[in-house]
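Right, one structure below, let's go through it.
Only the coordinates and a few stated rules stand behind these numbers; no lab work does. Small disclaimer: the values here were computed from a predicted structure and weren't measured. With ideal geometry, Cβ positions are generated from the backbone for all residues, glycine too; neighbour counts draw on all protein chains shown.
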Amino acid sequence: MVKRKSTTRFSSLEVPTVLTQTDTTVGFLSQNADKLYEIKSRTNTKPFIKVFNNFNSFSKSNLRIPKNQRNLVRRSRKTTFIVKNRAFRIAKVTLNSQILRDKTWNYSTSANKTKESFNRDFCEDKADIIIENLYGLKQNSSSTLLKINNHKIRKIR
């Protein structure tokens, strides 16, 4: 089910902020990081995770991963990687939504105020588009966070 505030068409939104159930938890997705910083009231020094729809769209980006870690990244599920201070995740779109399928990548963050828990009223107020399935929106555990380089893997979360 897709909900929106206005009666205008989706195409009129230049860069919408989408509230949806991601592969891990409820999250805001957008290609505009500044909008997400404003919603979260977060400092610009902490970057967002870049979520790709599939490994092919990731490989077309300018992000590089060490050769000996590529299979780990390709086969991972619900895992975020940090390489050279850039965070990314590869997550398939689980919802049947054309809005999500059209974008090859989005910035992602949890749907809450910084250091607070999920509040549906806050999220619905801040999102341009709300996409939810039959089960609704629920806060689950966040993704595993691994920092990788040529020689080692360090678990952060």
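So is Leu63 surrounded by fewer than 12 Cβ atoms within 10 Å (Cβ to Cβ), hydrophobic (A, V, I, L, M, F, W, C) and more than 15 Å from the chain's Cα centre (by Cα) or not? Show your work before the answer.
Numbers: surrounded by fewer than 12 Cβ atoms within 10 Å (Cβ to Cβ): no; hydrophobic (A, V, I, L, M, F, W, C): yes; more than 15 Å from the chain's Cα centre (by Cα): yes.
Against the criterion (surrounded by fewer than 12 Cβ atoms within 10 Å (Cβ to Cβ), hydrophobic (A, V, I, L, M, F, W, C) and more than 15 Å from the chain's Cα centre (by Cα)), Leu63 does not qualify.
For Asn96, state whether it is surrounded by fewer than 16 Cβ atoms within 10 Å (Cβ to Cβ), out of contact with any Lys or Arg (no Cβ under 9 Å at 6 or more places or on another chain) and part of a loop (DSSP other than H, G, I, E, B). Can you show your working first?
Values: surrounded by fewer than 16 Cβ atoms within 10 Å (Cβ to Cβ): yes; out of contact with any Lys or Arg (no Cβ under 9 Å at 6 or more places or on another chain): yes; part of a loop (DSSP other than H, G, I, E, B): yes.
Here the answer is yes, as Asn96 does meet what is asked.
Quick check: is even one residue across the stretch 68-90 of a type in the set (Phe, Trp, Tyr), surrounded by 12 or more Cβ atoms within 10 Å (Cβ to Cβ), part of a strand (DSSP E or B) and touching a residue at least 24 places away in the same chain (Cβ under 8 Å)? Before you say what the answer is, go through the steps one by one.
The initial filter retains those residues of the stretch 68-90 that are of a type in the set (Phe, Trp, Tyr), namely 81, 88.
If we keep only those that are surrounded by 12 or more Cβ atoms within 10 Å (Cβ to Cβ) as well, we get 81, 88.
Next, from what is left, pick out any that are part of a strand (DSSP E or B): 81, 88.
Next, only the ones that are touching a residue at least 24 places away in the same chain (Cβ under 8 Å) stay: 81, 88.
Yes; the residues of the stretch 68-90 include at least one that is of a type in the set (Phe, Trp, Tyr), surrounded by 12 or more Cβ atoms within 10 Å (Cβ to Cβ), part of a strand (DSSP E or B) and touching a residue at least 24 places away in the same chain (Cβ under 8 Å).
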Q | Residue, farthest from Arg70 (Cα to Cα), within the stretch 101-131, restricted to residues that are part of a loop (DSSP other than H, G, I, E, B) and under 15 Å from the mean Cα position of the chain (by Cα) | A | Ala127
Q) Between a first residue in the stretch 49-61 that is part of a loop (DSSP other than H, G, I, E, B) and a second residue that is exposed (fewer than 14 other Cβ atoms within 10 Å of the Cβ), which pairs have beta carbons less than 6 Å apart while being 6 or more apart in sequence or on different chains? A) none
Q. Name the pairs: first residue in the stretch 110-122 and within 14 Å of Gly136 (Cα to Cα), second residue among the aliphatic types (A, V, I, L, M) and loosely packed, with under 12 Cβ neighbours inside 10 Å, Cβ to Cβ under 6 Å, at least 6 apart or on different chains?
A. none
